[in-house]
Amino acid sequence: MGESSHPTSMSLQSNNSWEPPGYRWLKCNVDTAVHQAGSVYSIRCCFQNSEGRFVHAQPAWKVANLTILEGEAWALHHAIQVAIDKDWHRVIFELDSNTLVDCISSPTCGRSEFHTLVSLIKSILVLHPDFEVKFVRRQANMAAHTLARTACSWAYHRVFGICPPCIDTILSNDMN
């Protein structure tokens, strides 16, 4: 992809493997995991550049009584906020929740907590037209999936500027 071209926002990617974003784009894979009988949620966002190189990862966890969809929406909101805080532009957010991606692209909105989070995400995306949200299969989202699974085992929130060992092999395999 050239600098001026980019994928269509909120589209379906059917590949089963991770693909790097276009030139001068970042890709952020996002996922959530549920721990301790549904009372603890961990999320991860893993940013990589157009060469597939690790850029940044930031976990978070929350003690809450959320549905899986609410956890996924919270994870996406967190990832978007990280990109905004870092002043990054041209970011593709990929997640393996087709329901969430469909709701973000839908003009209708419900009245649940989940839909409140979706409305918040939509309002942020309007202010950042160079952010895109896409669905990918779990196989293409393994770095974020693995990070989300391990995040609750850490005693505190961590920010990674270098690739965490738990996903090093995954990222290497993604580029082969």
Conditions first: (1) without any contact (Cβ under 8 Å) to a residue 60 or more places away in the chain; (2) of a type in the set (Asp, Glu); (3) crowded, with 21+ Cβ neighbours inside 10 Å. Residue 85 passes all but one, so which condition is the exception?
(3)
I'm trying to understand the selection: among the residues of the range 22-69, which are buried (at least 18 other Cβ atoms within 10 Å of the Cβ), at pLDDT 90 or above and assigned to a loop (DSSP other than H, G, I, E, B)?
25
Give me the helices (runs of 4 or more DSSP H) completely within the range 81-168, filtered to those with at least 2 residues that are at pLDDT 75 or above and farther than 21 Å from residue 24 by Cα, ordered by residue number.
98-105, 113-127
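The values are calculated or read from the model by the stated rules, or taken from the named source; none is laboratory data. Everything quoted here is computed from the prediction, not taken from an experiment. Please note: Cβ atoms are built from the backbone with ideal geometry, for glycine as well, and neighbour counts cover all protein chains shown.
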